[in-house]
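To keep things clear, I will list the structure first and then write my remarks on it.
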Amino acid sequence: MKRFLTLLLAAVMVFALAACGETEETSNTASSSAPVSSEAPATSSEAESSEAESSEEPSEAPSEAPSESPSEDVSSDASTEEPDDQTPPETINKFVSIGTVTVNDRATGTNAIPLTGVDVEPSYGAVVLYTDEYGLLDAEELADFAVAVFTYDHEYFGYVKTAFYEVGEAEEISADEDGFLIAIHSCQETSISRAKGIADGTTVFPHGLHLYDGVDYDVEKAGTAPTIDGVVTDGEWDEYFIDHIDAENEAWSYAQFEKDNYYATADYYVTYDDTYLYLCVVVQSPYHYCPITQDKAGDMWQYECIQVKYSSESPAGDYISEHFDRVIDKTADNEKVVISSGFAVNDSGETCYYGVTDAKVACSRDDGEQITVYEVAVSFAELGVTPEKGTEMGLAFSVNSTNDEDVAKKVWKNITARNGGGIIGRNDYAKIPVITLN
């Protein structure tokens with residue numbers, strides 16, 4: 001009996017050992033055959049965002065894309081394994097897109113680098129954009145990070161990559177005064193691949209960030225308010241001059257024009273009193289084509305006009321930072337924090353405009369002098385602004401310079417403030433210039 005029990009116990013042990021070996025082998029086989037995602041681990045918020053926005057993704061890739069396909073990236077088990085006490089931070093509503101900016105750009109797109117923070121300390125799993133305000137980052141902080149450096153290039157009218165450091169290569173570094181850098185943790189292999197693959201001369205666009213203040217201005221209060229009649233008399237606007245706009249001015253973009261054929265220029269004036277905000281734009285151009293009437297004023301964007309946006313909140317403040325993207329978030333429009341408008345003189349010499357009602361508007365065209373004058377006064381009551389000294393608000397405009405030949409070819413030529421100025425195409429409200437009432 002004792003011998004029988006001994007033999008039975010031995011048989012059970014052999015069976016158990018065989019079963020354990022079979023389970024381990026089966027597990028290893030399943031693991032090695034499972035597909036490995038090319039994307040870094042998504043946070044819960046990323047997953048929800050992707051599902052919510054999937055129907056809005058572009059059906060085709062943008063015209064300018066990273067030179068290396070992110071789909072070829074394969075994340076290793078080691079690179080994606082999280083430390084026991086750390087998890088990647090969630091993404092924020094800011095991202096950097098690569099290539100030509102379109103209304104279809106999303107943080108979840110294949111041409112995007114989603115951000116987890118701006119000017120914050122680097123941490124596990126982070127993708128952080130740094131400006132020069134953050135200061136120096138040292139090699140120890142960046143030991144687990146790849147770093148891409150971007151600088152504004154006026155030749156391309158946008159930010160281009162000027163350097164790339166593989167994980168652990170960057171030593172003491174800070175962002176350029178007129179640019180930014182992105183530090184990408186080693187586990188975010190897809191974002192690293194996208195940043196590394198950006199071709200020379202390809203522009204990138206940081207969505208939702210007021211990075212450049214070269215188009216932010218102080219506005220002087222009027223001693224005598226200008227007369228809104230479409231005529232600029234000697235000395236009428238001189239005290240309220242803001243800027244001369246041409247292709248040499250680093251604050252303005254001619255990205256939609258043919259290279260070295262930047263034929264339109266403008267002078268820009270702003271002032272205010274207790275009732276109105278006054279704007280005058282004097283455009284010098286050999287062309288003027290605007291075949292509209294007042295009942296079709298909303299169509300003027302296709303022709304020669306100015307488009308203007310007003311923001312009752314500072315474009316550099318928290319409200320616009322949260323609601324900057326009118327393509328997917330209409331809050332600023334619906335709450336009338338941002339008001340869109342347009343002003344033109346048609347081919348018959350009639351002033352046409354849309355978007356505002358409590359306003360005085362007069363526009364004129366002199367073909368002999370090749371000058372178009374836009375004079376506008378919009379009430380602060382309509383804008384939702386109390387005009388006190390120190391008040392910050394947003395004011396942006398574009399000079400639309402599309403002539404008849406351009407229209408026939410469906411080519412749009414618009415001068416905007418740097419990075420789009422919050423007008424045309426994407427309408428990133430964080431790019432609207434800030435004006436301060438003096």
(message) If I ask for residues that are more than 15 Å from residue 162 (Cα to Cα) and either out of contact with any Pro (no Cβ under 6 Å at 6 or more places or on another chain) or free of Cβ contacts under 8 Å to residues at least 60 places away in the same chain (or both), which ones from region 193-217 would you list?
(response) 206, 207, 208, 209, 211, 212, 213, 214, 217
(request) Determine whether residue 332 is open to solvent by less than 30 Å² (accessible area, probe 1.4 Å), of a type outside the set (Ser, Thr, Tyr) and farther than 18 Å from residue 383 by Cβ. (result) no
(request) Name every residue in region 355-370 that is part of a strand (DSSP E or B) and within 25 Å of residue 276 (Cα to Cα), in order of residue number. (result) 359, 360, 361, 362, 363, 364, 365
(message) For region 120-132, which positions are under 20 Å from the mean Cα position of the chain (by Cα) and either open to solvent by 30 Å² or more (accessible area, probe 1.4 Å) or of a type in the set (S, T, N, Q) (or both)?
(response) 120, 131, 132
(request) Hey, could you check region 68-87 for residues that are open to solvent by less than 70 Å² (accessible area, probe 1.4 Å) and either part of a helix (DSSP H, G or I) or in contact with a Cys (Cβ under 7 Å, 6 or more places away or on another chain) (or both) and say which is modelled with the highest pLDDT? (result) 80
(message) Just the residues that are in contact with a Cys (Cβ under 8 Å, 6 or more places away or on another chain), within 20 Å of residue 425 (Cβ to Cβ) and either part of a strand (DSSP E or B) or hydroxyl-bearing (Ser, Thr, Tyr) (or both), please, taken from region 297-354.
(response) 303, 304, 305, 342, 343, 344
(message) Which count do you get for residues in region 222-243 that are open to solvent by less than 30 Å² (accessible area, probe 1.4 Å) and aromatic (Phe, Trp, Tyr)?
(response) 2
(request) Please verify whether region 167-180 includes one or more residues that are more than 26 Å from residue 106 (Cα to Cα) and among the hydroxyl-bearing types (Ser, Thr, Tyr). (result) yes
(request) Within region 334-366, work out how many residues are in contact with a Gly (Cβ under 8 Å, 6 or more places away or on another chain) and among the β-branched types (Val, Ile, Thr). (result) 5
(request) Report yes if residue 241 is in contact (Cβ under 8 Å) with a residue 24 or more places away in the chain, in contact with a Ser or Thr (Cβ under 9 Å, 6 or more places away or on another chain) and not hydroxyl-bearing (Ser, Thr, Tyr), otherwise no. (result) no
(request) Sort through 426, 418 and tell me the only one that's in contact with a strand residue (DSSP E or B) (Cβ under 7 Å, 6 or more places away or on another chain), under 30 Å from residue 151 (Cα atoms), crowded, with 17+ Cβ neighbours inside 10 Å and at pLDDT below 95. (result) 418
(message) Suppose the filter is buried (at least 18 other Cβ atoms within 10 Å of the Cβ), among the small types (Gly, Ala, Ser) and at positive phi; does residue 135 pass it?
(response) no
(message) Among the residues of region 146-164, what is the count of those that are of a type in the set (Phe, Trp, Tyr) and open to solvent by 10 Å² or more (accessible area, probe 1.4 Å)?
(response) 4
(message) Given the criteria over 19 Å from residue 112 (Cβ atoms) and either within 24 Å of the chain's Cα centre (by Cα) or among the basic types (Lys, Arg) (or both), does residue 166 qualify?
(response) no
(request) Take region 138-172 and flag every residue that is more than 21 Å from residue 185 (Cβ to Cβ) and not β-branched (Val, Ile, Thr). (result) 152, 153, 154, 155, 156, 157, 158, 159
(request) Scan region 246-296 residue by residue and report those that are assigned to a loop (DSSP other than H, G, I, E, B), of a type in the set (A, V, I, L, M) and over 26 Å from the mean Cα position of the chain (by Cα). (result) 292
(message) Suppose we filter region 96-107 for residues that are surrounded by fewer than 20 Cβ atoms within 10 Å (Cβ to Cβ) and among the β-branched types (Val, Ile, Thr); how many remain?
(response) 3
(message) Just to be sure I understand the filter: pairs with C-beta atoms under 6 Å, separated by 6 or more residues or on different chains, first member in region 303-316 and more than 20 Å from residue 207 (Cα to Cα) and charged (D, E, K, R), second member open to solvent by 10 Å² or more (accessible area, probe 1.4 Å) and at pLDDT 95 or above. Which pairs pass?
(response) 304/288; 304/289
(message) Take the residues in region 168-196 that are among the hydrophobic types (A, V, I, L, M, F, W, C) and more than 21 Å from residue 95 (Cβ to Cβ); name whichever of them is surrounded by the most Cβ atoms within 10 Å (Cβ to Cβ).
(response) 170
(message) For region 363-415: of the residues being more than 27 Å from the chain's Cα centre (by Cα) and among the hydroxyl-bearing types (Ser, Thr, Tyr), which is surrounded by the fewest Cβ atoms within 10 Å (Cβ to Cβ)?
(response) 386
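The values are calculated or read from the model by the stated rules, or taken from the named source; none is laboratory data. Bear in mind the structure is a predicted one, so any value in this text is a computation, not a measurement. Using ideal geometry, Cβ is built from the backbone for each residue, glycine included, and neighbour counts are taken over all protein chains shown. Surface areas here come from the heavy atoms of the whole protein model, side chains and all, with no ligands, DNA or RNA. Shrake-Rupley method; radii C 1.70, N 1.55, O 1.52, S 1.80 Å.
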